[in-house]
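**Q** The structure follows.
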Amino acid sequence: MTNGPLLGKIVRFAIPLAISGILQLLFNAADIIVVGRFSGPQALAAVGSTSALINLIVNLFIGLSVGTNVLVAQYYGANDRKALRDTVHTSVLASLIFGCIVLVIGISLAAPMLELMGTPEEVLDQACLYMRIYFIGMPASMLYNFGAAILRAVGDTQRPLYFLFLAGIINVVLNLFFVIGFHLDVAGVAIATVISQCVSAGLVLLCLVKSHTPYRVDLRRLGLKKDKLWGMVKIGLPAGIQGCSFSISNVLIQSSINSFGAMAMAGNTAASNIEGFVSTAQDAFAQAALSFTGQNMGAGKTRRVNRILLLCLVLVTGTGLVLGTGAFLLGHQLLGIYSADPQVIAFGIRRMSICCVLQFVGGLMGVMVGVLRGMGYSFIPMAITIGFVCGFRVIWIFTVFAMFPTLEALYVSYPITWGLAALCDGVCFLIVHRHVSKKQRLATGARE
């Protein structure tokens, strides 16, 4: 990552990462498709209504894996083997601890939070059951995410892809087995997801344990190094809070969507799931921006960061426009995979006409955030995201949506807030890059 041409390397890094993210999304998509097809619109609405709430609880801790990614990338780029080993072992143990915490929180808060969101009575019990089973798999999910962050930080995006591919196949097969064979409905798809998460976590841990590299995991050396844990939290916590701010606004939007009834909920669920595939493909370039920036910062090559940013912005825009517009044009066919109900499809198209077509704007914001985090500045994008994505959307719901209570008025808040945040992140990048470059020049002059 720190030498030679960047374009080919970024693409080769991002493609397996995008496919990995898409496979991970298939865990949830398989759940939604199976219940939508074999259990009906109410089961589809029940599973879909939990997504924003699950993300709200999980994102804070998943965000900490960003701290792992940045620290591992910087130590790997600087060839600091001791710090790298300490970070890896701290991250693996921390992931299991965080997973257990999320498990307890998720199971405890499932019912009251779903009721607070105004989840309709006809889907409340099913939604609560799905959430409680889903959160049993959180320790495994956290272990996979932190382990994959370690591999991606050193440039290995292929093995996480292979692990998710196998886990995804298991998930789909078990979904069909539990739902069609045993008629377990939402409980069946939740159990299948938990089992598949355990498979992917076990494979990534085995990969790290069997590795003959500086980032190899020795289970006897697992422990929490205070300085590495603090470094991980300092970078990752703002990323987690940023993820939570997205989720808070999405919970509020989901609550507003719930007021339109179960069919609107089902259509929104299917459309947002399709939209997620586009977003995940874009996120691969945000992750590339983070990892490439982190390694080059560790190696003291700040001049390459401008080139990394420009290439990732161009790539994410092209990816978002092609996939987002393509998904909208094929909207009826894609939504038909999730549900055959014409009302569900019609509600889904209403979301896709705005959020899918303009999804590339969110990709621009993601790349800007990735570069800033890779440079070690995680608080800035967090503050911007909270201000625009969370704060502005909340204001939008209680002002614009209150005056124009339509689904379109809700959905248009997404691209507007993405664009505003991307512009502010861009201004901050210019300031931060100038500051970092000046510090590096002074440090070089002092050594000479």
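**Q** For the structure I just gave you, tell me whether Thr280 is part of a helix (DSSP H, G or I), buried (at least 19 other Cβ atoms within 10 Å of the Cβ), among the hydroxyl-bearing types (Ser, Thr, Tyr) and within 17 Å of the chain's Cα centre (by Cα). I'd like the intermediate steps shown before the answer.
**A** Working: part of a helix (DSSP H, G or I): yes; buried (at least 19 other Cβ atoms within 10 Å of the Cβ): yes; among the hydroxyl-bearing types (Ser, Thr, Tyr): yes; within 17 Å of the chain's Cα centre (by Cα): yes.
Against the criterion (part of a helix (DSSP H, G or I), buried (at least 19 other Cβ atoms within 10 Å of the Cβ), among the hydroxyl-bearing types (Ser, Thr, Tyr) and within 17 Å of the chain's Cα centre (by Cα)), Thr280 qualifies.
**Q** Taking Gly4 as the residue in question, decide whether it is over 18 Å from the mean Cα position of the chain (by Cα) and either at negative phi or of a type in the set (Gly, Ala, Ser) (or both). Spell out how you get there, then give the answer.
**A** Values: over 18 Å from the mean Cα position of the chain (by Cα): yes; either at negative phi or of a type in the set (Gly, Ala, Ser) (or both): yes.
So Gly4 passes the test.
Residue by residue, here is whether (1) open to solvent by less than 20 Å² (accessible area, probe 1.4 Å); (2) in contact (Cβ under 8 Å) with a residue 40 or more places away in the chain holds:
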{"position": "Gly387", "(1), (2)": "no, no"}
{"position": "Val394", "(1), (2)": "no, yes"}
{"position": "Glu408", "(1), (2)": "no, yes"}
{"position": "Tyr411", "(1), (2)": "yes, yes"}
{"position": "Ile416", "(1), (2)": "no, no"}
{"position": "Cys424", "(1), (2)": "no, yes"}
{"position": "His433", "(1), (2)": "no, yes"}
{"position": "Lys438", "(1), (2)": "no, no"}
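**Q** For the condition over 30 Å from Ser39 (Cβ atoms), β-branched (Val, Ile, Thr) and open to solvent by less than 10 Å² (accessible area, probe 1.4 Å), what is the one hit in Val344, Val316?
**A** Working: Val344 fails: over 30 Å from Ser39 (Cβ atoms).
Unique residue meeting the criteria: Val316.
**Q** Being at pLDDT 90 or above, β-branched (Val, Ile, Thr) and open to solvent by 30 Å² or more (accessible area, probe 1.4 Å) is the requirement here; does Val172 meet it? Talk me through it step by step, then tell me what you get.
**A** On the way: at pLDDT 90 or above: no; β-branched (Val, Ile, Thr): yes; open to solvent by 30 Å² or more (accessible area, probe 1.4 Å): yes.
It is false that Val172 is at pLDDT 90 or above, β-branched (Val, Ile, Thr) and open to solvent by 30 Å² or more (accessible area, probe 1.4 Å).
**Q** For Gln74, state whether it is farther than 20 Å from Cys198 by Cα and modelled with pLDDT of 85 or more. Spell out how you get there, then give the answer.
**A** Details: farther than 20 Å from Cys198 by Cα: yes; modelled with pLDDT of 85 or more: no.
Judged against the criteria, Gln74 is not a match.
**Q** List the pairs whose first member sits in region 218-240 and is more than 16 Å from Tyr377 (Cβ to Cβ), whose second member is of a type in the set (D, E, K, R) and surrounded by 15 or more Cβ atoms within 10 Å (Cβ to Cβ), and whose Cβ atoms are under 7 Å apart, counting only residues at least 6 apart or on separate chains?
**A** These pairs meet every condition: Lys225/Asp86; Lys228/Asp86.
**Q** Based on this model, can you work out whether His183 counts as open to solvent by 10 Å² or more (accessible area, probe 1.4 Å), out of contact with any helix residue (DSSP H, G or I) (no Cβ under 8 Å at 6 or more places or on another chain), under 15 Å from Val88 (Cβ atoms) and free of Cβ contacts under 8 Å to residues at least 60 places away in the same chain?
**A** Details: open to solvent by 10 Å² or more (accessible area, probe 1.4 Å): yes; out of contact with any helix residue (DSSP H, G or I) (no Cβ under 8 Å at 6 or more places or on another chain): yes; under 15 Å from Val88 (Cβ atoms): no; free of Cβ contacts under 8 Å to residues at least 60 places away in the same chain: yes.
Against the criterion (open to solvent by 10 Å² or more (accessible area, probe 1.4 Å), out of contact with any helix residue (DSSP H, G or I) (no Cβ under 8 Å at 6 or more places or on another chain), under 15 Å from Val88 (Cβ atoms) and free of Cβ contacts under 8 Å to residues at least 60 places away in the same chain), His183 does not qualify.
**Q** Of all helices (runs of 4 or more DSSP H) completely enclosed by region 24-136, which ones contain at least 1 residues that are of a type in the set (Asp, Glu) and open to solvent by 50 Å² or more (accessible area, probe 1.4 Å)? Give the steps one after another, and end with the answer.
**A** Working: elements: 41-48, 51-62, 64-78, 81-116, 121-136.
Correct list: 81-116, 121-136.
**Q** So Val189 fits all but one of (1) part of a helix (DSSP H, G or I); (2) open to solvent by less than 10 Å² (accessible area, probe 1.4 Å); (3) closer than 30 Å to Val371 by Cα; what number is the exception?
**A** Failing condition for Val189: (3).
**Q** Separate question: For region 192-241, give me each residue that is of a type in the set (Val, Ile, Thr), open to solvent by 30 Å² or more (accessible area, probe 1.4 Å) and more than 30 Å from Ile33 (Cα to Cα).
**A** Step one: filter region 192-241 for residues of a type in the set (Val, Ile, Thr), giving 193-195, 199, 204, 209, 213, 217, 233, 235, 241.
Filter once more, so that each one left must be open to solvent by 30 Å² or more (accessible area, probe 1.4 Å): 195, 199, 209, 213, 233, 241.
Val209, Thr213, Val233, Ile241 - these are the residues of region 192-241 that are of a type in the set (Val, Ile, Thr), open to solvent by 30 Å² or more (accessible area, probe 1.4 Å) and more than 30 Å from Ile33 (Cα to Cα).
**Q** Give all pairs with beta carbons closer than 6 Å in which a residue from region 307-326 that is part of a helix (DSSP H, G or I) meets a residue that is charged (D, E, K, R); count only pairs at least 6 apart in sequence or on separate chains.
**A** Qualifying pairs under 6 Å: none.
**Q** Yes or no: Ser291 part of a helix (DSSP H, G or I), in contact with a Cys (Cβ under 6 Å, 6 or more places away or on another chain) and either farther than 26 Å from Gly387 by Cα or open to solvent by less than 10 Å² (accessible area, probe 1.4 Å) (or both)? Reasoning before the result, please.
**A** Numbers: part of a helix (DSSP H, G or I): yes; in contact with a Cys (Cβ under 6 Å, 6 or more places away or on another chain): no; either farther than 26 Å from Gly387 by Cα or open to solvent by less than 10 Å² (accessible area, probe 1.4 Å) (or both): yes.
For Ser291, the condition - part of a helix (DSSP H, G or I), in contact with a Cys (Cβ under 6 Å, 6 or more places away or on another chain) and either farther than 26 Å from Gly387 by Cα or open to solvent by less than 10 Å² (accessible area, probe 1.4 Å) (or both) - is not met.
**Q** Still on this structure, I have one more. Return the total of residues in region 249-261 being of a type in the set (A, V, I, L, M) and surrounded by fewer than 21 Cβ atoms within 10 Å (Cβ to Cβ).
**A** Here is the first cut: in region 249-261, the ones of a type in the set (A, V, I, L, M) are 251-253, 257.
Right, trim to surrounded by fewer than 21 Cβ atoms within 10 Å (Cβ to Cβ) and you get 251-252.
Qualifying residue count, region 249-261: 2.
**Q** Looking at (1) under 30 Å from Thr50 (Cα atoms); (2) at pLDDT 85 or above, which one does Thr293 not meet, given that it meets all the others?
**A** So Thr293 meets the others, but not (1).
**Q** So for region 302-309 (the condition being farther than 26 Å from Ile354 by Cα, surrounded by fewer than 23 Cβ atoms within 10 Å (Cβ to Cβ) and at pLDDT below 85), does at least one residue qualify?
**A** yes
The values are calculated or read from the model by the stated rules, or taken from the named source; none is laboratory data. Just so it is clear, the structure is predicted and the values come from calculations on it, not from any experiment. Reconstructed Cβ throughout: ideal geometry from the backbone, glycine too, with neighbour counts over all protein chains shown. Protein only, heavy atoms only, side chains kept; ligands, DNA and RNA dropped before computing areas. Shrake-Rupley method; radii C 1.70, N 1.55, O 1.52, S 1.80 Å.
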